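Read-outs: derived from the displayed coordinates by stated rules, not from any lab. Computed from a predicted structure; not experimentally measured. Glycine also receives a Cβ, built like all others from the backbone with ideal geometry; neighbour counts cover every protein chain displayed.
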Amino acid sequence: MKKIVQKTKNIKCVDGKVKKSDLPGASSSKCDVISADNAMSGGQFDRIVDIVKSGGIVIFPTDTVYGIGASIKFKGSIEKIYRLKKRPAKKEIGLLISSWRESSHLVGRVSQRVRMLMKEYWPGPVTFVLASRAGTMALRVPNHKFALKLLSAVGPMAVTSANMSGKKPAGTFSAIDPELLKGADIVVKENKPLSGIPSSILDLTGGEIEIIRERE
């Protein structure tokens, strides 16, 4: 697949095609879209990994919706995601990891009950809110081949749904807001629609399991 890269004035990316921008105040943008199949290949995958490890922002498919994320090592990149989405600063962004074993590096040792839940529901569309040294942390292991490969290569990522704050999450590439596509350094496009349903969120910080969000 031919790589699409555009840095021309008043250009944006819509559904994998480069078109003239009609966005007010648009000045410049870039569009680098790779299919999920091609993104799994050695050269393309290595390039994506290098971008993320350098602090780049990536939009990519998961087992639920498209996510926009960055390595947790780059605070400035995460702050940029907040700005792109117009997301309130008080709303924390959850983390995606490649395995339940990785959780110990982020929240420390968990109880046997929590560990059993992780093994039962991960990888899958369930986010767990866990107690950590810094307060609480939301973690999930996605059940998506590319997402898992990327996370295994770059480590934990701060990932939120690729939609403007308050808008419906994107289950298809065409549903992703052009402003987010323009703000990302690289985009991975799945060839088929995703479920479009965000993960359930379970709070495991107390004695009882609290359902914060249940999948429809």
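For labels at Arg133 and Asn191 in the simple 7 Å Cα→Cβ model, what's the distance in nm?
Simple spin-label model gives 4.5 nm for this pair.
Step through the table entries Lys53/Lys91; Lys53/Lys86; Lys91/Lys168, compare each Cα-Cα distance with 22 Å, and write down the pairs that go over it. Mind dumping the intermediate values first?
On the way: Lys53/Lys91 24 Å; Lys53/Lys86 24 Å; Lys91/Lys168 16 Å.
Cα-Cα > 22 Å for Lys53/Lys91; Lys53/Lys86; rest within.
Starting from a Cα-only point model with no solvent, please compute log10 I(q)/I(0) by Debye for the chain at q = 0.08, 0.16, 0.18 1/Å.
Per q value, in the given order, log10 I(q)/I(0) is -0.27, -1.07, -1.34.
For the chain, what does -39500 (n - 2.57) per DSSP helix run (n ≥ 4), summed and divided by total residues, give at 222 nm, in deg cm²/dmol to the nearest 500?
About -7000 deg cm²/dmol.
Could you give the size of the charge dipole of the chain about its Cα centre, using +1 on the Cβ of each K and R and -1 on the Cβ of each D and E, expressed in debye and rounded to the nearest 20? Please report the intermediate quantities before stating the final value.
On the way: 36 positive and 20 negative charges, 136 e Å.
Magnitude of the dipole: close to 660 debye.
Towards the positive end of the charge dipole of the stretch 139-216, with charges on Cβ (+1 Lys, Arg; -1 Asp, Glu), say which of Ile201, Ala184, Gly166 has the farthest Cα.
Comparing the listed Cα positions along the dipole, Ala184 ranks first.
I need Arg47, Arg213 ordered by Cβ neighbour count within 10 Å, fewest first.
Numbers: Arg47 16, Arg213 12.
Starting with the residue having the fewest Cβ neighbours, the order is Arg213, Arg47.
Given the options Asn163, Asn38, Asn143, which has the most mean-square fluctuation in a GNM of the chain, springs set between C-alpha atoms less than 10 angstrom apart?
Asn38
Would you mind telling me which residue in Val110, Val141, Val159 has the biggest mean-square fluctuation in a Gaussian network model of the chain, where springs connect alpha carbons within a distance under 10 angstrom?
Val110
Along the three principal axes, how long is the stretch 27-105 when you take its alpha carbons, biggest first, rounded to the nearest angstrom?
44, 37, 25
Between Ala147, Ala175, Ala162, find the one with the highest GNM mean-square fluctuation for the chain; connect C-alpha pairs within less than 10 Å.
Greatest mean-square fluctuation among the candidates belongs to Ala175.
Using a Förster radius of 22 Å, what is the FRET efficiency between Ile212 and Glu120 based on their Cβ-Cβ separation? Nearest 0.05, please.
0.75
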